[in-house]
Amino acid sequence: MALYSLFRSVRTELGKVCLAQHVQSLYTSCPSLAADKTLLLKLRKSTGYTFINCKKALEKFNNDITQAERWLHEQAQKEGWSKASRLEGRKAKEGLVGVMMGDNAAVMVEVNCETDFVARNEKFQQLVKDVALSIMAHHSSKGQSGNVKSVLSSDDLTKLQMPEGPTLRDQIALTIGRLGENIGMRRAVSLSVPSDWHIGTYVHGAVPGQVGIQMGRYGALVVFQGGPKEGTETLGRKLGQHIVGEAPVTLGSMDDIPCGESETRLLPQTFLPDPKYTVGQYLTLQDARVLDFVRFQCGESTSQEAE
């Protein structure tokens, strides 16, 4: 009898365990916890993360796409900081120069990555635009008028806040987490001019895709006065094209005599869009004068780095 009672007790306990396991199995396989395919596709398209990670996020938050997206960004940022520390020593000489215009203002920025493949990625290009927007907002927030020029280093850029969202430093980490390459904001410049001055822009090899910003491997900003009333934008583009193509180092003066192919002063150089004239001669014909210019070439060595 004792043996029989023991057998019944063991069987009862085993039955309880099996029942609990069965209930747990039913719960964990409940369809409401599986990732909804429509939401999965939507989350994948809006974030750019892998299907596996998007599925994991939706399952974790029972198909709450808002919480899932927030969690994905947090994970990507954490992973990005980890990757950033691991990839810090890797060279990032590719990337894009971005040029953005505002009201009598302009910014130009260089953002670098490791490969041209990533430079063509829309997530990277969105980062370049985010950086330019942040610089423009920072420049406007100073409330300065007249001729103002600000040069920003990589350290300066990391401290800036995006118009809506995290710091640029955090945004870089988020993008590194998404793309898996070392990425850095190398340098930037912001300009604003009086209402009767002009800023010309030119980007060589411009890439399509982003609205409100020009992006390519070379860029130029040029500040000038005067010019034809109906054609200042065209004049600014021609001057920018010359600056990109001939890479002047200094402005020079209107009276400078050209010194041949090694000429590095802007005004005595042969004008690239119209070689019959020097830049100074062409400006005289247009009743205009250049006051300042900036040229960026993606990946080039700078005087600050040489020091």
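The values are calculated or read from the model by the stated rules, or taken from the named source; none is laboratory data. Quick caveat: nothing in here was measured; it's all calculated off a predicted structure. Methodologically, a virtual Cβ is constructed for each residue, glycine included, from the backbone with ideal geometry; neighbour enumeration extends over all protein chains shown.
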Open item on the list: All but one of (1) modelled with pLDDT of 95 or more; (2) in contact with a Lys or Arg (Cβ under 8 Å, 6 or more places away or on another chain) hold for residue 235; state the number of the condition that does not hold.
Closed with: (2)
- [ ] Search region 253-279 for residues being surrounded by 19 or more Cβ atoms within 10 Å (Cβ to Cβ) and either of a type in the set (A, V, I, L, M, F, W, C) or outside the structural domain of residue 108 (by TED's automatic domain parsing) (or both), and hand back the single one that is nearest to residue 228 (Cα to Cα).
- [x] 279
TODO: Select, from 190, 150, the only residue that is surrounded by 15 or more Cβ atoms within 10 Å (Cβ to Cβ), free of Cβ contacts under 8 Å to residues at least 60 places away in the same chain, outside any helix (DSSP H, G or I) and assigned by TED's automatic domain parsing to the domain that holds residue 114.
DONE: 150
TODO: Considering each of 183, 176 in turn, give the residue that is within 15 Å of the chain's Cα centre (by Cα), surrounded by 15 or more Cβ atoms within 10 Å (Cβ to Cβ) and under 19 Å from residue 70 (Cα atoms).
DONE: 176
Task: Wholly within region 1-107, helices (runs of 4 or more DSSP H) carrying at least 1 residues that are at pLDDT 85 or above and surrounded by 14 or more Cβ atoms within 10 Å (Cβ to Cβ) - done: 37-47, 51-60, 65-87
Open item on the list: Tell me whether region 236-247 contains one or more residues that are assigned to a strand (DSSP E or B) and either farther than 26 Å from residue 93 by Cβ or under 32 Å from the mean Cα position of the chain (by Cα) (or both).
Closed with: no
TODO: Output the qualifying pairs, or none if there are none: Cβ atoms under 8 angstrom, residues six or more apart or on different chains, first residue in region 164-176 and closer than 15 Å to residue 138 by Cβ, second residue assigned to a helix (DSSP H, G or I) and hydroxyl-bearing (Ser, Thr, Tyr).
DONE: 167/158; 168/134; 168/158; 169/158
Task: Options 234, 250: the member that is surrounded by 12 or more Cβ atoms within 10 Å (Cβ to Cβ), more than 16 Å from residue 195 (Cα to Cα) and among the β-branched types (Val, Ile, Thr) - done: 234
